[in-house]
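Asks: To start, I am sharing the structure in question, which I have written as structure tokens.
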Amino acid sequence: MEWANDGKSKGGVLAHLERLEIQVNRSHKNLEDPQRAQAVEHALRTKIHKLRCLRDELRSKVKRRQARVRASIANEEPDQTQEISEQEVAERRRRQENVKAILQAYRFTGLSGKLTSRGVCVCISTAFEGNLLDSYFIDLVLQKPLWIHHHSIPIFIPLEEISAKYLQTNIQRFLFCLCEYLNAYAGRKYQADRLQSDFAAYLARPLQRNPLCNLLSFTYKVKLRGQLFLFCARLLYKDLTTTLPTDVTITYPETDALPPSWEEQRASHENLFFTKPLHQVFTSFARKGEKLDVTRV
């Protein structure tokens with residue numbers, strides 16, 4: 001039917017309703033057959049009734065939705081929301097200033113950093129005996145709670161444990177503790193590297209170490225009064241924040257009977273390993289009149 005196509009193309013329910021009513025009026029004028037006119041009129045009035053019901057239902061849904069929206073807006077507290085937002089911004093700024101102050105205070109200890117869009121990126125530069133070593137970074141997001149976005153901390157450093165203890169309660173302590181672990185690791189690694197590079201000729205067997213460099217074992221040789229001494233050393237660093245061993249074990253690698261003066265030398269060397277870095281221990285041997293033997297055993 002032509003009127004149906006026209007109704008669909010030109011508007012919604014109300015427009016359609018108006019056009020149907022116009023057509024009812026036209027049908028009264030144009031149709032000569034009363035029975036046919038009555039049938040058409042009845043069909044149109046049925047459609048009008050259905051459309052009016054649909055219109056009323058839609059109006060009712062719109063009113064209910066508007067009422068829910070007004071109730072939701074009335075229940076909200078915009079002032080409180082704005083206050084919370086301002087508090088969050090203020091808290092973030094306070095944390096940024098706090099971290100900046102910490103970095104400024106510890107700038108001579110290897111801590112530096114810069115503010116980012118998320119928070120702050122801290123760089124931890126390690127050193128041992130005045131030698132600059134490796135640097136590591138940790139990217140902190142200054143939200144509540146604080147969290148770590150990225151980092152380059154070695155996997156064997158207990159970062160999760162340190163974070164759980166201090167990150168949320170004392171960021172200064174968190175950074176200081178992390179520096180202790182990293183500097184101690186760098187110092188132990190530096191000593192092991194120096195032993196291999198500067199004193200490789202004095203090692204009877206290759207140095208063995210784990211990734212954390214808190215367990216070192218090696219065999220070295222020393223000549224004293226023309227007699228060759230062999231020592232197997234095992235150094236254990238239970239405290240991962242120190243560069244000196246907590247346990248030192250020195251044994252005799254041979255199966256022969258111990259030389260008479262070996263025990264005296266063992267005790268002396270053990271004390272040196274407890275109190276001096278590795279490379280300084282080997283240097284001190286010569287200063288005390290001992291001779292590091294460079295011949296192969």
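Asks: Within the range 217-245, work out how many residues are outside any strand (DSSP E or B) and crowded, with 16+ Cβ neighbours inside 10 Å.
Replies: Going through the range 217-245 one residue at a time, the tally reaches 5.
Okay, residues lined up against (1) modelled with pLDDT under 90; (2) crowded, with 16+ Cβ neighbours inside 10 Å; (3) under 22 Å from Q196 (Cβ atoms):
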| position | (1), (2), (3) |
| --- | --- |
| P253 | yes, no, yes |
| A257 | yes, no, no |
| A267 | yes, no, no |
| L272 | no, yes, yes |
| H279 | no, yes, yes |
| S284 | yes, no, yes |
| D293 | yes, yes, yes |
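Asks: So which residues in the range 131-166 are outside any strand (DSSP E or B) and surrounded by 14 or more Cβ atoms within 10 Å (Cβ to Cβ), if there are any at all?
Replies: L142, L146, I153, P154, F156, I157, P158, L159, I162, S163, K165, Y166
Asks: S268: over 36 Å from the mean Cα position of the chain (by Cα) and either touching a residue at least 24 places away in the same chain (Cβ under 8 Å) or part of a helix (DSSP H, G or I) (or both), yes or no?
Replies: Yes, satisfied.
Asks: Keeping to the range 196-241, report how many residues are under 30 Å from L175 (Cβ atoms) and either of a type in the set (K, R) or touching a helix residue (DSSP H, G or I) at 6+ places or on another chain (Cβ under 9 Å) (or both).
Replies: Total meeting the criteria: 11.
Asks: Follow-up question, since we're still on this one. Conditions first: (1) touching a residue at least 60 places away in the same chain (Cβ under 8 Å); (2) open to solvent by less than 60 Å² (accessible area, probe 1.4 Å). N214 passes all but one, so which condition is the exception?
Replies: It is condition (1) that N214 fails.
The values are calculated or read from the model by the stated rules, or taken from the named source; none is laboratory data. Only a predicted model underlies this, so the values are computations on that prediction, with no experimental measurement involved. All Cβ positions, even for glycine, are placed from backbone atoms using ideal geometry, and neighbour counts span all protein chains on display. Note: areas computed on protein heavy atoms with side chains; ligands, DNA, RNA excluded. Shrake-Rupley method; radii C 1.70, N 1.55, O 1.52, S 1.80 Å.
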